[in-house]
Amino acid sequence: LEVIMVRWAASLDMYRKVPTDLLEGTKRGSFLSYGAVILMATLFMLETRAYFSNNSWVSSLALDDNQESRLQVNFNITMMDLR
């Protein structure tokens, strides 16, 4: 049973770089594959949880008490070489 599990784990190597007829999975490649999948799943769950949590969203709104009838608007435009 242990030999079957080792062969099955070695067959899950995702980082092979040779043609399929010459492939030989390794334990090291399997461990790297499992580690990468676990890391991606963990990051996905943590980022999704942070996105949907209400604690991280802070908004602040303040009204400008400017009473003037005109509003000055400044544009900063950079023109590159127009030839």
Seminar exercise, completed: Within region 21-43, the residues that are part of a helix (DSSP H, G or I) and either in contact with a Phe, Trp or Tyr (Cβ under 9 Å, 6 or more places away or on another chain) or of a type outside the set (A, V, I, L, M, F, W, C) (or both) are 21, 27, 28, 29, 30, 32, 33, 34, 35, 36, 42
Problem set entry | Residues of region 28-62 classified as in contact with a helix residue (DSSP H, G or I) (Cβ under 6 Å, 6 or more places away or on another chain) and either open to solvent by 100 Å² or more (accessible area, probe 1.4 Å) or among the aromatic types (Phe, Trp, Tyr) (or both), total | 0
Problem set entry | Some residue of region 61-77 being of a type in the set (Lys, Arg), at pLDDT 80 or above and in a loop (DSSP other than H, G, I, E, B) | yes
For this session: Find all pairs meeting these conditions: Cβ atoms under 7 angstrom apart; at least six residues apart or on different chains; first residue within region 22-34 and within 15 Å of residue 4 (Cα to Cα); second residue open to solvent by less than 60 Å² (accessible area, probe 1.4 Å) and of a type in the set (Gly, Ala, Ser).
Result: 25/10; 26/10; 27/9; 27/10; 30/9; 30/10
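Just name the residue that is least open to solvent (accessible area, probe 1.4 Å) out of those in region 1-27 that are of a type in the set (Ser, Thr, Tyr) and modelled with pLDDT under 80.
Going through region 1-27, the residues of a type in the set (Ser, Thr, Tyr) turn out to be 11, 15, 20, 26.
This time we only want the ones that are modelled with pLDDT under 80, so: 11, 15, 20.
On the way: 11: 63, 15: 124, 20: 121 Å².
The qualifying residue least open to solvent (accessible area, probe 1.4 Å) is 11.
The values are calculated or read from the model by the stated rules, or taken from the named source; none is laboratory data. Computed from a predicted model, the values in this text were never measured in an experiment. Virtual Cβ from ideal backbone geometry, glycine too; neighbours counted across all protein chains shown. Side chains are part of the model used for accessible areas, which takes the heavy atoms of the whole protein and leaves out ligands, DNA and RNA. Shrake-Rupley method; radii C 1.70, N 1.55, O 1.52, S 1.80 Å.
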